[in-house]
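The values are calculated or read from the model by the stated rules, or taken from the named source; none is laboratory data. All of these numbers come straight from a predicted model, not from anything done at the bench. Quick reminder, even Gly has a Cβ in these numbers, built from the backbone with ideal geometry, and neighbours come from all protein chains shown.
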Amino acid sequence: MQEILDAILSGDATSADYAALALPESYRAVTLHKDEEQMFAGLASRDKDPRKSLHLDDVPLPELGPGEALVAVMASSVNYNTVWSSIFEPVSTFGFLERYGRLSPLTKRHDLPYHVLGSDLAGVVLRTGAGVNAWKPGDEVVAHCLSVELESPDGHNDTMMDPEQRIWGFETNFGGLAQLALVKTNQLLPKPKHLTWEEAASPGLVNSTAYRQLVSRNGAGMKQGDNVLIWGASGGLGSYATQYALAGGATPICVVSSPQKAEICRAMGAEAIIDRSAEGYRFWKDEHTQDPREWKRLGGKIREFTGGEDVDIVFEHPGRETFGASVYVTRKGGTIVTCASTSGYMHQYDNRYLWMSLKRIVGSHFANYREAFEANRLVAKGRIHPTLSKVYALEETGQAALDVHHNKHQGKVGVLCLAPQEGLGVRDHELRAQHLGKINAFRNI
Ligand SMILES: NC(=O)c1ccc[n+]([C@@H]2O[C@H](COP(=O)([O-])OP(=O)(O)OC[C@H]3O[C@@H](n4cnc5c(N)ncnc54)[C@H](OP(=O)(O)O)[C@@H]3O)[C@@H](O)[C@H]2O)c1
């Protein structure tokens with residue numbers, strides 16, 4: 001492993017040098033253990049501690065298949081799916097691996113008693129499998145997390161529609177929270193040259209998701225002048241949604257839960273910010289009953305910022321707790337676009353406000369390769385910036401996941417894998433210098 005790292009740190013190793021490097025038989029990886037699936041049974045979600053379920057193990061190197069790449073991972077990041085996996089909610093991820101394993105002898109490799117997690121990476125290609133022409137050893141890359149088989153016609157207009165669509169490192173094995181990772185080469189994208197490894201590894205999953213959900217015609221199709229209500233605007237998804245709204249000529253109305261998070265939204269350039277804690281919204285009177293007066297109070301607050309207008313788009317992901325309010329505050333003909341249900345997936349809303357006002361609820365999930373490419377391209381051009389706030393060592397991934405689980409983080413949380421320290425991997429210093437303030441916006445608060 002040291003030789004691989006030396007080659008990367010040298011900055012001048014050729015593709016032939018990388019191809020000649022011996023591969024190790026095993027590597028260090030953050031894993032879940034199948035025999036611990038029930039370890040949190042009976043505990044409340046909040047009390048399930050990722051530090052107990054996430055292990056740092058030596059695992060064998062998987063066999064490289066056709067159309068795949070083995071990547072030396074310099075850095076990765078924690079996503080909310082790392083939290084879901086680590087607390088075995090809403091289901092254990094080993095069910096995903098078993099199902100994937102039944103597809104073919106090649107996918108059987110994924111069905112193991114351990115699960116290497118992680119749906120982001122920045123690193124260097126070490127080997128490519130048969131049939132790969134677009135990528136070669138030595139390429140500096142990031143990976144998006146869409147894994148597809150594309151054997152069915154269904155996925156050929158939009159790869160997210162593939163019946164065998166999976167999220168790499170969540171519904172498949174050999175993820176990015178490790179020294180090495182196995183990906184399909186149609187997950188690879190060029191690493192933004194002005195970013196460090198840990199900065200480059202942090203946008204992938206959430207940036208691509210926010211791009212499809214808000215900007216793409218497959219999502220809300222945001223246009224100039226739209227008012228966009230963004231829940232969790234300083235969080236993983238929200239920090240990109242806010243940037244897309246600003247960059248696309250829309251007006252983000254950012255909802256956050258502390259003055260510090262409000263400050264972050266201001267640093268991104270947002271002006272309309274609602275602190276949901278300070279405002280004390282209680283959309284539910286009790287477990288079963290919502291309070292429409294609270295929806296109305298939120299709507300009134302939004303109108304204060306917009307000169308009386310309602311929102312064209314709600315960027316939804318908290319789910320049960322906020323969905324009734326989201327449907328209510330959307331303008332006539334507007335769109336509620338949802339990709340998650342962090343606070344509960346059994347949503348309740350007053351359908352009269354949906355049909356009488358001709359609103360649309362749109363489901364959105366990750367992004368296809370093209371959308372992930374567009375989102376990464378904007379990062380590479382310095383138009384959208386990483387929102388990295390803190391970086392952990394690989395062995396501290398459990399703590400990083402706990403912080404995200406308990407909503408103690410800002411933006412994105414990074415993890416160093418092979419990279420011995422932060423700050424490495426920048427190739428375009430000029431572009432970096434132009435955007436340094438924005439790149440560090442989440443670090444400085
Ligand atoms: N379908 C997909 O492809 C996809 C992709 C990425 C993420 N997701 C899912 O989307 C969700 C958010 O992911 P993320 O990376 O953005 O997580 P995150 O970094 O934790 O940010 C979410 C933010 O939402 C806000 N929030 C949480 N609970 C809330 C509630 N009950 N009411 C109002 N606001 C609440 C919090 O901000 P404040 O406390 O500041 O308000 C939090 O910072 C997760 O469930 C994740 O699994 C889905």
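Annotations for the structure displayed:
- In this structure, S257 does not satisfy being crowded, with 22+ Cβ neighbours inside 10 Å and either without any contact (Cβ under 8 Å) to a residue 60 or more places away in the chain or within 9 Å of the ligand (Cβ to nearest atom) (or both).
- The set of residues in the stretch 376-408 being within 15 Å of the ligand (Cβ to nearest atom), surrounded by fewer than 20 Cβ atoms within 10 Å (Cβ to Cβ) and assigned to a loop (DSSP other than H, G, I, E, B) consists of H406, N407, K408.
- Pairs where the first residue, in the stretch 197-212, is touching a residue at least 24 places away in the same chain (Cβ under 8 Å) and under 15 Å from L394 (Cα atoms) and the second is β-branched (V, I, T) and more than 8 Å from the ligand (Cβ to nearest atom), C-beta under 6 Å, 6+ apart: E198/V391
- Residues in the stretch 154-204 that are aliphatic (A, V, I, L, M) and farther than 20 Å from R28 by Cα: M160, M161, I167, L188, L189, L195, A200.
- Residue match in the stretch 124-131 (condition: closer than 23 Å to A380 by Cα, more than 16 Å from the ligand (Cβ to nearest atom) and in contact with a Ser or Thr (Cβ under 9 Å, 6 or more places away or on another chain)): yes
- Of the numbered criteria (1) farther than 16 Å from G235 by Cβ; (2) buried (at least 20 other Cβ atoms within 10 Å of the Cβ); (3) hydrophobic (A, V, I, L, M, F, W, C); (4) away from the ligand (no atom under 11 Å from the Cβ), the one F323 fails is (4).
- Scanning the stretch 195-221 for residues that are in contact with a Lys or Arg (Cβ under 8 Å, 6 or more places away or on another chain) and surrounded by fewer than 24 Cβ atoms within 10 Å (Cβ to Cβ) returns a single hit, N218.
- Test for D57: is it under 25 Å from the mean Cα position of the chain (by Cα) and in contact (Cβ under 8 Å) with a residue 24 or more places away in the chain: yes
- Check on A278, over 17 Å from Y244 (Cα atoms), surrounded by fewer than 17 Cβ atoms within 10 Å (Cβ to Cβ) and within 15 Å of the ligand (Cβ to nearest atom): yes
- Of all the listed residues (S77, S104), the sole one being of a type in the set (G, A, S) and touching a Lys or Arg at 6+ places or on another chain (Cβ under 7 Å) is S77.
- Subset of the stretch 243-252 (residues that are crowded, with 16+ Cβ neighbours inside 10 Å and either over 17 Å from G299 (Cα atoms) or within 13 Å of the ligand (Cβ to nearest atom) (or both)): Q243, Y244, A245, L246, G248, A250
- Scan of the stretch 151-176 for residues that are closer than 19 Å to P113 by Cβ and either in contact with a helix residue (DSSP H, G or I) (Cβ under 6 Å, 6 or more places away or on another chain) or at pLDDT below 95 (or both), ordered by number: F170, E171, T172, N173
- Total residues in the stretch 332-360, condition more than 16 Å from the ligand (Cβ to nearest atom) and either at positive phi or not aliphatic (A, V, I, L, M) (or both): 13
- Scanning the stretch 142-154 for residues that are within 16 Å of the ligand (Cβ to nearest atom), closer than 17 Å to N218 by Cβ and not in a loop (DSSP other than H, G, I, E, B) returns a single hit, L146.
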